[in-house]
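These notes are about the structure you will find just below.
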Amino acid sequence: MNHLEALPPTADVVVVGGGVVGAATAFHTAGAGLSTVILEARGELAAATTAVATGGYRLQFDTAAEVAAMRESLELLERFAEVTGQTAFDPALRRRGYLWVTSREDVAAHQRELVDRQRQLGVDGVEVIAGEELRRRFPHLGAAALQARFRLGDGFLSPRQVTFGLAAGSGAGVLCNCRVTGLDVAGDRVRAVRTTRGGISAGAVVIACGPLSGALAGLAGVQLPVTAVRRHKLVCPDLPAVPAEAPMTIDEDTGAHWRPYLRGAAMLWNDPATPPSPPDAEISVDPTFAEAVLDPAQPTAVARLTPLLAAAWRSGAPRWVEVGHYTMTPDHLPLVGATAVDGLLVNTGYCGHGVMMSAGTGRRLAAAVTGGPDPDDPFDPGRPMRTLTGSRI
């Protein structure tokens, strides 16, 4: 990786943010022949939200825009070494599948409608599985499981390896421990970036710093429609009862989900009532989260549909909670492209899908730098938005 010792005086593109979205942005802008520098406030790349991501990828989306973006991302990830030109970092793609399970007849009907829609969008390999066949194929499920939708082609990846591989493959300069303190705007155009390690002139500046994107854009007078929402992950390693080959298993009735992780499981639940929180670098942990997803007596516990996880509640086995932010937009789609300030672009607002989607959407951002904004792009930051409710998985 091209680590810099000091801030260069100028660059064609300055990318603010060294998570997976920033690295994907730099990969595509550098690939377009633009000298690119990544600025990261922390001591290494992928040290904040990317580091605590679930590490899943899926083609099972329900809008044409998301399916197309995810398909492009997956094509890059499946040819990662070839496309990035490096072999030090492997995305570790594992096709284990995404299994969305329900115990309710109304949700089962919605699943069937959704699978029909996904097939119309060209998503192949999606199944609807019910009754005894469901429990035969996935014996970790309990008797409450009525039906599921499943796609084996979905699975898991390593967020940090993807980030490092994209950054290394880009050849972009990487400067860590470099916090942005201001943006110089003159004549309705961004001219330079001010940091704790000096200033750098830039032909274009891309804000790709997740939950901090709104605050940074505000320094240039741009208001982004983003909020930061806290999300947790409970890690319970070394649980022998957890099948290592199990898919991502999602209780579609509650949103609680889990995946095999560290010879045990990682468990998640995004409470739809969680209010936005300040996008600070340090995020407080909700002390009730572990109980909500692990105590079998709770309605949101993963054991509701996966009984074998109930034993982890009072086992005394090691466990810990990790916390990060979802960067949310009103319509739950990312912001990728130019802002009202000439030369200032954004790549943010992925609502929890940045790890899986940004390898592809970075190309759209690079196209906006070299060719100007595309008002027909569904991720255009200036698009009209309708407000959706509920949590994201």
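Computed quantities for the displayed model
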| item | result |
| --- | --- |
| Structure-based [θ]222 nm, the chain - -39500 (n - 2.57) summed over DSSP H runs of at least 4, per residue, nearest 500 | -7500 deg cm²/dmol |
| Alpha-carbon centroids, the stretch 232-298 and the stretch 126-190: separation in whole Å | 15 |
| Three-way shape label, the stretch 227-326, alpha-carbon gyration tensor, a/c 1.5 | prolate |
| Sequence ranges 95-107, 26-38, ranked by mean other-Cβ count within 10 angstrom, highest first | 26-38, 95-107 |
| Relative contact order %, the chain, counting alpha carbon pairs below 8 Å whose residues are six or more apart | 23 |
| Global geometry of the stretch 320-393, whether rounded, prolate or oblate, following the gyration tensor of its Cα atoms and the 1.5 cut on a/c | prolate |
| Two-site FRET efficiency, residue 113 against residue 32, from Cβ-Cβ distance with R₀ of 45 Å, rounded to 0.05 | 0.65 |
| Relative contact order (%) - the stretch 98-151, alpha-carbon pairs under 8 angstrom, separation at least six | 54 |
| Between helix 354-371 and the chain: long-axis angle, C-alpha atoms, 0 to 90°, nearest 10 | 30 |
| Using alpha-carbon coordinates, inclination of helix 105-120 to the longest axis of the chain, degrees | 50 |
| Tensor-based shape of the chain (alpha-carbon gyration tensor, a/c under 1.5 rounded, otherwise prolate or oblate) | prolate |
| The chain: angle of helix 159-170 to the longest principal axis, Cα-based, in degrees nearest 10 | 30 |
| Sequence of 141, 388, 345 once ranked by neighbouring C-beta atoms within 10 Å, starting from the fewest | 388, 141, 345 |
| Residue order, fewest to most surrounding Cβ atoms within 10 angstrom, among 389, 54, 196 | 389, 196, 54 |
| Neighbour-count order for 14, 355, fewest beta carbons within 10 angstrom listed first | 355, 14 |
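Values quoted throughout were computed directly from the atomic coordinates according to the rules given, and no laboratory measurement underlies them. Keep in mind it's a predicted model, so treat the numbers as computed, not measured. So basically every Cβ, Gly included, is an ideal-geometry build from the backbone, and we count neighbours across all protein chains shown.
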